[in-house]
Every structure is written in structure tokens, then in C-alpha cells.
Amino acid sequence: MPHVITQACCADASCVHACPVNCIHPTPDEHDFGTADMLYIDPVSCVDCGACVGACPVGAIVPHTELAPEQEDFLRINAELTGDTRPPRPQARVATLVRLGPTRTTLRVAVVGAGPAALYAADALLRQDGVQVTVFDRLPVPHGLARHGVAPDHVATRAVADLFTAIENEPGFDYRLGVDVGRDVTADELAAHHHAVIYATGAGTDKPLPIPGTDLTGSTSATEVVAWYNGHPDHVDAHVPLDHERAVIVGNGNVALDVARILVTDPEQFADTSIAPHALAALRTSAVREVVVLGRRGPQHAAFTLPELVGLAARSDINLRVDAPDGIDVDSATDTQTRLKLEYLADLAARPAPVPGEDRRRIVLRFQTSPVEVVGTDRAEGLRVVRTRIDDDDPDARGTRTVPVPNTEEVLEAGLVLSSVGYRGVPVPGVPFDPDSATIPSSEGRVLDAPGGSEVPGHYVVGWIKRGPRGFIGSNKTCARETVNSLLADANAGTLPSPRPASEFDALLRGRRPGLIDGAAWRRARPRKEGAAAV
Ligand code: NAP
């Protein structure tokens, strides 16, 4: 009875560490770890001990006899992905944490940002004796995108909050919530009062969509809608018009799929979830019947991941359609993950057209279609789009630059046009920033004064602001271990700066932000069952 990894896989690889027989891949030190859509269990090597089940923070691992009907295909998917790795890989060399040597003073580390990368970094630090971690966030609530980015119907993923609660309870952990580093306190002041500062500020804005008309009412970003339905304090008043039967989303990553799914799901299914009440009320009166998700390239380049596609395809209440103008060439796949994705898409494309009177709401995954202009006078009334083909004459670095096909423009009528073309990091005043990659330049988690430049002593970086907006919540665990290992090695080498007294800093901070929420206040205020809470 093998165990099976299912849709919610967060790639934090705790299961890899727990598995006694190395049957879970890719491991963090295997070359395909960073590009895998999910981890998988070799059904032949699995000894059915269940150690991975207890280790997984999001309940993604299930004995195969207990798979729900919509999860059953993951048994085949785990087995097929394993095919890539037979014969069995050698025993994984999972990176271990550097041990902090004996110190006379407590190592005081500030972490800026309270999302998954920050908490995984805090956890790695607090495994050492003699470390205190203070996590700062400008919002009055922690957990970043794990709170304000995960769709409310992804209940298993939201359960990662329970892991974060456990980290918050570790001795040596503290919060300073409601403190904006760069505004309430400068980066220099923070650095002067800690041995080390780790920046974990994520990617706080969207990449712009460079077409005319995006400033029209009804044209916004998918991430704004995500923040709106998740109750992000800065986005509760977002204007999300749902009065037209069609919405269009540009870009086909997992964010686009999340938003499309939320817009076409019967809102009563969210009644007992973490969804914000204002969003639930708006969805209850929504006129949206169809969401068109546009990919500028072909199906083989779809940005959404295999588990998310499998989960959506299993939804009997959603009419999922695929529109691929040049067809779907399953044989073009060069790896199992892409082949499985293309097989799913081909299967969906071959589904019969809906019968008249079909009342399920639709998601259309439309490929080879680029946005040209948001059209409308007072508000968005549609999106002008054009068919594309891959330009073989002028390839970009990926070899997949698209060019428009002449005379194929059309307007997709819609009342809501969302751009979902990726997140982008924002600079923290006083901290190095590379505008090209929208990240803090770094080497093995050590901040550099410029890309390829010199190290800034005592400054570290983790998460999306270190490696760009890619990967899953759990990907931050591996990323955090690398950064923390660099910090601990520097502490052992004696190269961290000596900080000014902690009491001095606390007085300064509380003087400027008397309403800040510290760890004790957060522990009193947080909902008892974080994973299910709308905060
Ligand atoms: P993403 O995966 O990077 O997808 C961005 C999409 O935008 C791609 O389809 C890209 O097409 C397209 N795009 C970029 N510039 C464009 C332009 N100028 N015109 C048209 N299309 C354009 O971004 P994301 O969806 O924001 O996700 C970010 C990360 O979060 C991903 O790693 C994702 O897996 C993760 N995430 C995971 C989950 C989950 O596991 N459920 C949920 C949400 C987010 P090209 O490929 O052609 O550039």
C-alpha cells in the first residue's frame, strides 16, 4: 500500500527528511528539485511506514487506499514521475544545518517580513542554542502569502499555518507586527541593534502588463483579487466588478487558475472557509459564467503546475475547456511532468462541446493568445487579443518568443480583465536592490551591495526577494536553510557586527510605534484554528 503525494504538495521536503528509504523525490539536492511541480513517492520502494504523513505540513500525503475519488489519478502520476528516476537514486544528501559554536552572548537576529520564508528561517535559527529571532512585518497579522495568497478552497495548503503557529511558540521567537522597516525604523537602525538582519520581504507588487487601457475600471491584477478575497487589509476596498458574464485573465500561472476557480465556483462552497465576508457577499451576486485564461505561448509552455491542473480537471461542477489553435502535441514533451500535463490538456480538448442548456460555469484555457489592449470607454468592456506563434527566426533566451499572427485580432467582451503575469519584488529603503531581477542581490543568502558585488556584513536575504517569485510555500524551507547556514557560518567565523543593546532598540521602536503587536500579543489574539480563519 504505497503512500501518494497529492495536489496540495508544498515542496517543503519535510517528507524527504522523514522517509527512511529515500523513496521521495526530487530531494532538495537533486537537480530537478527547483523545477518539479510536485514531489512524488516511488510506489515500489515505499515501505508504507507513514513517516512522511506526519512530516507533511499540508496533509498532501495519503495512503493509496484512502485517496478521495478526485485524488486517485495521483497514484498513477506518482508512479509515472518515478519512472524518471529509476534505477533508484542514491541516498539523498539532505543539507544539514551548520551548528552554532559556543558563544558568550545571545545571537540576536531580525527577520524583515513574516511570510513563509521568514518563518522557515526563524525555525532553522531557533534549532540552535542561544539565538533570539524577532520577526517584523508592516501588517498587523503575520504569514504573508500563506494567509493572503492561498485560495480559500485550498484548505490543506492553508493548514501550513499550524506549522507557523508551532514556530511562533518556540522559545526565542518574537514578533514586532505593524512595523514598517524603512519607514518606522530605518534599515541602518535595525542593523545597528542586531547581529544579523534577514530580509524576507517577498515580492510585494505585480509585474506590469505593458498594454494600453489597463487603467480602466474593471481592469486590475489577479493578485489584487486574491488579496481582496483573502481579506488583506490593504485590499478590502478593491473594486472587482462581477456584473458581466465573462472575465478574462492574462497569464496562465497558478495564480490565474486560483482566481478563475474562485470566480466560477458556487460561492456556497466557500461559506465555511477563510474567504473574506465582503468577497463572499460579492460572489453570491456575481454574473460571471465564464473565465477565459490566456497563455501567450502553447500548451507545452503553460505556467500552471500539473497538480493544479489535475485538481481543476477533477471538478465535475466546472466545465473546463481547452482552446489550443495549433493543437496539442503530446510527443513534444521532453520530460514526464510536461507529458502528463499535455495528456491532460489533450483529454480536456477532446471533451465534447457543452450541450445546449449546460448550466455549469466555464473556465477556458486558451493558448497562443496575447493581449493587445483593454478596450472600453468609462470602464473595461473587453480585451483585444491576437493569435500568436513561436518566432523561430528571432528566439529569445528561452527560444520561445511569440509573434502575432497577422489579421487574427478580436475583442473578447468582458467586464473584468485581470493581469496575472507574475509578482515583482519592491526595494526596502537603505537595502541594496537589483531593479532588473527585482531582488536583493545575494550570494548563498548573503546580501551583496550590487549584483556580483561585495558582501554587506550582517545582512542576509531569503525567499522571493532572494530568488524571484517562483515555487511553492515549502520551497522556502530549502532556501531558508541555505541562508541560515551562511549566517551561522559567519557567526562561527566571528564576522558578524556587534550590536547596540536590545533594550535601546525596543524603547526606540515602541516610541515610534506604540501600537505594535509583539509575540505575546499575537499569541493572545490569533485565532485558535489559524488554518481556517479569516483574519
Ligand atoms: P507565473 O507562474 O510566473 O505565471 C506568469 C504567467 O504570465 C505566465 O503564463 C507568463 O507567460 C505570463 N506572462 C508574463 N508576461 C506576460 C505578458 N507581457 N503578456 C502575456 N502573458 C505574460 O506567475 P504566478 O501565477 O503569479 O505564480 C507565481 C508563483 O507562485 C509560481 O511559482 C506559482 O506556481 C506559485 N503559486 C502556486 C500556487 C499553488 O501551488 N496553488 C498558487 C499561486 C501561486 P510566459 O510563460 O510566456 O512568460
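Things to note:
- For the stretch 260-347, the spread of Cα coordinates along the three principal axes comes to 45, 23, 21 Å, biggest extent given first.
- Modelled FRET efficiency - R0 41 Å, Ala507 with Asp162, Cβ distances, 0.05 increments: 0.75
- Computed over the stretch 311-448, the ratio Rg/Rh where both radii use C-alpha atoms and Rh is Kirkwood: 1.05
- Shape analysis of the chain yields a ratio of the Cα radius of gyration to the Kirkwood radius, Rg/Rh, of 0.97.
- As computed over the stretch 423-535, the Cα convex hull volume per residue (Å³): 168 Å³
- Order of exposure, largest accessible area first, which applies to Arg104, Arg401, Arg147, Arg297 with probe 1.4 Å: Arg104, Arg401, Arg297, Arg147
- DSSP-loop GluC sites (Glu not before Pro) across the stretch 352-453, with at most 16 other Cβ within 10 angstrom: Glu358, Glu409, Glu444
- Near Ser442, once Lys and Arg are set to +1 and Asp and Glu to -1 for all other residues with Cβ below 15 Å from its Cβ, the sum equals -3.
- Once C-alpha pairs closer than 8 Å and six or more residues apart are averaged by separation and normalised to the residue number of the stretch 365-478, the relative contact order reads 16 percent.
- Extension gain for Ala350-Asp129 works out to 73.7 nm (0.36 nm per residue, less the C-alpha to C-alpha distance).
- Relative contact order (percent, whole number), the chain, Cα cutoff 8 Å, 6+ residue spacing: 20 percent
- Cut-off 13 Å between beta-carbons: net charge of the residues surrounding Cys52, Lys and Arg +1, Asp and Glu -1: -3
- Prolate/oblate/rounded call for the stretch 418-468, Cα gyration tensor, a/c under 1.5 rounded: prolate
- Ordered from largest to smallest accessible area (heavy atoms of protein chains, 1.4 Å probe), the residues Ile77, Ile211 come out as Ile211, Ile77.
- Gap separating the Cα centres of the stretch 325-370 and the stretch 193-221, nearest whole Å: 31 Å
- Potential lengthening between Ala520 and Arg284 on full extension [0.36 nm per residue; Cα-Cα distance subtracted]: 81.2 nm
- Heavy-atom surface of the chain, accessible at 1.4 Å and reported per residue (Å²): 42 Å²
- Helical segments meeting 24 Å axial Cα length and Kyte-Doolittle -0.5 threshold in the chain (DSSP H): 475-493
- Viscosity 0.692 mPa s, temperature 37 °C, Stokes-Einstein D of the stretch 1-58 from Kirkwood C-alpha radius, µm²/s: 291 µm²/s
- Summed side-chain charge close to Val250 - residues other than Val250 whose Cβ falls under 14 Å, Lys, Arg +1, Asp, Glu -1: +3
- When shorter helices are ignored and each DSSP H run of at least 4 residues is given -39500 (n - 2.57), the per-residue value for the chain at 222 nm works out to -7500 deg cm²/dmol.
- Over the stretch 136-242, equivalent-ellipsoid semi-axes from the Cα gyration tensor in Å: 30, 20, 11
- Stretch gain in nm, segment Ser316-Val44, where the contour uses 0.36 nm per residue and the Cα spacing is subtracted: 94.8 nm
- A Förster distance of 56 Å, applied to the separation of the beta-carbon atoms of Arg500 and Val236, puts the FRET efficiency at 0.90.
- Centroid-to-centroid, using Cα positions, the stretch 431-445 and the stretch 233-296 are 33 Å apart.
- Take every Cα pair under 8 Å whose residues are at least 6 apart in sequence, average their separation, divide by the length of the stretch 407-466, and the relative contact order is 23 percent.
The values are calculated or read from the model by the stated rules, or taken from the named source; none is laboratory data. All figures in this text were calculated on a predicted structure; none of them were measured in a lab. Here the Cβ is made from the backbone with ideal geometry for all residues, glycine too, and neighbour counts use every protein chain on show. Remember, those area values only see protein heavy atoms, side chains included, never the ligands or the DNA or RNA. Shrake-Rupley method; radii C 1.70, N 1.55, O 1.52, S 1.80 Å.
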